[in-house]
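Student: Would you mind keeping the following structure in view while I ask a few things?
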Amino acid sequence: MKSIRVHNILTFYLPFLILISFMYEFLNKNSRALVYVIGYLIAYLAIRLEIHHYTHKWSAHRDAEFTKILLIYDLLAVGFLLPTLLAYSTRATLIRDIMIYLTVVFLMYVPISKMIGRSLGRGLLILSLGSSLVIFIITQSILEPTIFALLSLWTYLVLKHDLVTYA
């Protein structure tokens, strides 16, 4: 299958897959997996918003490299790190976990910007597959890592096709 066809299929069906998995986890009362699915939905919407801003050349989104950094940042920070921390937070540790999240997110900018300059494809796919493996270990379910892998693949294809949602 061509990458353009996969790109268009994921652009259209990924929100529906995320919402279906949301309903599944809600009906099964799996709160940790539900946190992950909500994180995926927010990451998907954030990536779409960054692409919209780039398309209309708003503020700093005129630079394609900066927008690519933001897309990977949204995927990893909002789609992986935030749900992972919130899934295991309690009331007593919430503030500490948020401070850890903010620190890690600020420290992630430099490695992501270096990854954009080098081999974007292999680095992003290896990082997302590793993150999917961590999600699988945490949730003990195949649905959440699969959705994250599809979200990562869609992000990779958006970056590969010069920041367009439909190629």
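Student: Mind checking which of M108, M23, M99 has the largest fluctuation in a GNM of the chain, springs on alpha carbons under 10 Å?
Tutor: It is M99.
Student: Here is a follow-up. Given the options Q140, L86, I47, identify the residue whose Cα lies farthest towards the positive end of the charge dipole of segment 3-160 (+1 on Cβ of Lys, Arg; -1 on Cβ of Asp, Glu).
Tutor: Of Q140, L86, I47, it is I47.
Student: Give, as ranges by residue number, the residues of segment 5-27 whose backbone N falls under 20 Å from the point 7 Å along Cα→Cβ of Y166.
Tutor: Residues 5-18 qualify, since their backbone N sits under 20 Å from the label point.
Student: Further question: So how many Å³ per residue does the convex hull of the Cα atoms of segment 52-130 work out to? All intermediate terms of the calculation are to be shown ahead of the outcome.
Tutor: Numbers: hull volume 8.6 nm³, N = 79.
Enclosed volume per residue, from the Cα hull, is 109 Å³.
Student: Same structure, new question: What value, in deg cm²/dmol to 500, does the helix sum -39500 (n - 2.57) over DSSP H runs of n ≥ 4 give at 222 nm once divided by the residues of the chain? The partial results should precede the final answer.
Tutor: Details: 7 runs with 129 residues, N = 167.
So the calculated ellipticity at 222 nm is -26500 deg cm²/dmol.
Student: Which of the helices in the chain meet the span-like rule: DSSP H, Cα axial reach of 30 Å or more, Kyte-Doolittle mean at least -0.5? Don't jump to the answer; show the numbers that get you there.
Tutor: Details: long enough: 3-28 (35 Å, 1.14); 31-55 (36 Å, 0.84); 94-117 (35 Å, 1.54).
Helices meeting the span and hydropathy rule in the chain are 3-28, 31-55, 94-117.
Student: Name the residue, out of T55, T84, T155, whose mean-square fluctuation peaks in a Gaussian network model built on the chain with Cα pairs under 10 Å.
Tutor: T55
Student: In whole Å, what is the distance between the alpha-carbon centres of segment 57-113 and segment 37-51?
Tutor: 12
Student: Could you give the spread of the C-alpha atoms of segment 3-160 along their three principal axes, from largest to smallest, in whole angstroms?
Tutor: Principal-axis extents of segment 3-160 (Cα, largest first): 41, 36, 28 Å.
Each value in this text was obtained by applying a stated rule to the coordinates, not by laboratory testing. Predicted model, so just to flag it, every value in this text is computed and none were measured. Quick reminder, even Gly has a Cβ in these numbers, built from the backbone with ideal geometry, and neighbours come from all protein chains shown.
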